[in-house]
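Working notes for the structure below.
None of the figures in this text is laboratory data; all of them are computed from the coordinates on show. The shown structure was predicted, so the numbers you read here are calculated from the model rather than taken from an experiment. Every residue, glycine among them, receives a Cβ derived from its backbone with ideal geometry; neighbour counts consider all protein chains shown.
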Amino acid sequence: MKTRLYFVFLIMMITMIYNQCCADSQIMVVTDIHYLAPSLYEGSDLFLRSIANADGKMTHYSPELLDALLAEARHQKPDVVLITGDLTFYGEKQSHQELAAAMDELWDEGIPVYVIPGNHDINSPYARWFSGEDWGYTDNVTPEEFREIWARCLLPSEDGYTMSYTVRLNDKVWIAMADVCVYDEAVEMYGFYSQEQQAWLVPMLEEAKTAGVTVISATHQSLIPRSSSRPNSYSIYNREYMLPDLRAGGVTLNLSGHIHIMSVLEKDGLTDAATGAFCIHSHCYGLVTVGEDGIPHYERHTVCDEHLPEGFKALSEAFFSERDVRNAEEQLAGLDIPEDARRVMVEYARRVNADNFAGILDPNDPKWLEDPALELWAEYAPETGTGTRLLQMFDAH
């Protein structure tokens with residue numbers, strides 16, 4: 001009897017060890033939360049007006065979105081949560097402190113969280129408070145203060161200069177967290193791959209390759225430009241040096257953000273997955289699964305309705321759409337366009353932008369290419385910002 005129980009126990013242990021070794025690794029990636037501490041804006045009509053005229057960020061619902069993020073992480077139970085920059089609205093120290101404290105909750109529950117800064121997070125000159133019709137400057141954070149506040153979600157710098165480091169998730173998957181932001185003397189929108197980072201990244205990739213480890217890289221700015229008119233504004237300026245190093249090291253997936261649009265592009269064997277801004281409709285995040293074959297698979301997800309207040313998604317969609325409608329109408333104002341054509345053009349631009357930000361736009365879909373509204377934009381407003389973007393997007397110019 002004892003012998004039989006021993007063999008049953010042995011088989012159970014072997015099965016458990018096998019399952020652990022062969023289990024898929026799962027990474028939850030979130031970006032551009034743009035959290036703002038409520039005490040810095042609550043009760044301010046000035047702030048609400050400024051948000052309404054901005055780019056669709058639901059920053060005035062920061063607590064609700066933070067609760068939703070925590071709920072999604074608890075629901076998915078990933079091996080790790082990555083936040084690829086723009087943690088805060090404009091780098092307010094109080095916002096950093098509150099958001100870092102919330103991530104501590106996940107750590108305490110067994111869900112590790114790692115971050116890199118974005119262009120909004122360090123030395124920001126725009127950190128402000130709002131009260132009624134007044135506003136003023138509030139404390140931002142230096143690189144040293146960022147490291148202190150986010151100590152639990154950062155590993156020691158491996159390039160001796162930036163907040164770049166390697167998360168060795170397990171013996172099969174590593175994550176290269178590359179801080180390519182420029183924030184020392186002036187905050188820049190573009191990213192930069194430095195010699196110090198190269199001196200860290202290349203040997204680490206060689207080590208991983210020798211050990212048969214899959215490496216996924218993460219940056220704030222994208223490796224593959226999305227804008228033909230401003231290719232360097234939202235990407236890594238000297239990406240022509242970083243891309244070959246990643247490819248030579250066997251990296252096939254980079255996780256980025258910054259552009260606020262959910263966009264997954266592949267170039268020469270490397271996929272750059274720009275996760276949509278969490279603070280903008282439709283509140284996306286990504287899930288990366290790495291199986292036994294070592295190949296990472298990226299999937300787009302949106303926050304579950306039950307993790308948000310009732311009616312929030314409809315409110316968020318309306319807020320985003322109103323901004324698009326207002327923007328298109330302003331660009332068409334003063335142009336000699338029949339009123340019925342103007343309405344069709346505005347609605348077309350709204351629908352395109354909604355699908356584009358959500359990451360579900362197919363530029364080859366006949367429903368967009370054959371819609372008469374596209375020809376109206378080409379006829380009446382091809383040189384406006386929206387007209388140029390639409391015509392480039394659908395190669396119709």
So what's the convex hull volume per residue for the Cα atoms of the chain, in Å³? 175
By count of other Cβ within 10 Å, fewest leading, how are H75, H34 ordered? H75, H34
In the chain, with Lys and Arg counted as +1 and Asp and Glu as -1 at Cβ, which of these residues, A274, S50, P382, has the Cα nearest the positive end of the dipole, that is, farthest along it? A274
Residue-by-residue Karplus 3J(HN,Hα) for region 293-302, coefficients 6.51, -1.76, 1.60, Hz, glycine and proline x: 6, x, 8, x, 10, 9, 10, 7, 10, 10
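So if each residue of separation counts as 0.36 nm, and I subtract the Cα-Cα distance between Q76 and A318, what length gain in nm does that give?
Contour length minus the Cα-Cα distance gives 84.3 nm.
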A chain fully extended from E383 to V264 at 0.36 nm per residue, minus the present Cα-Cα distance, gains in nm 40.1 nm
Mind jotting down a quarter of the surface of the convex hull over the alpha carbons of region 253-397, in square nanometres, one decimal? 10.7
Estimate the FRET efficiency between E339 and E206 by the formula 1/(1 + (r/R0)^6), using the beta-carbon distance for r and 51 Å for R0, to the nearest 0.05. 0.20
Residues other than L106 with Cβ under 13 Å of its Cβ, Lys/Arg counted +1 and Asp/Glu -1, net out at -4
Using a 10 angstrom cutoff on alpha carbons, build the Gaussian network for the chain and name the most mobile of H297, H60, H120. H297
Gained length - L369 relative to Y126, 0.36 nm times residue gap less alpha-carbon distance: 83.4 nm
What are the semi-axes of the equivalent ellipsoid of region 312-393, taken as the square roots of 5 times the eigenvalues of the Cα gyration tensor, listed largest first and rounded to whole Å? 20, 16, 10
Environment charge at T88 (Cβ cut-off 13 Å; Lys +1, Arg +1, Asp -1, Glu -1): -4
Which is the longest part of the chain that has none of the GluC sites (Glu not before Pro) sitting in a DSSP loop with at most 16 other Cβ atoms within 10 Å? 189-291
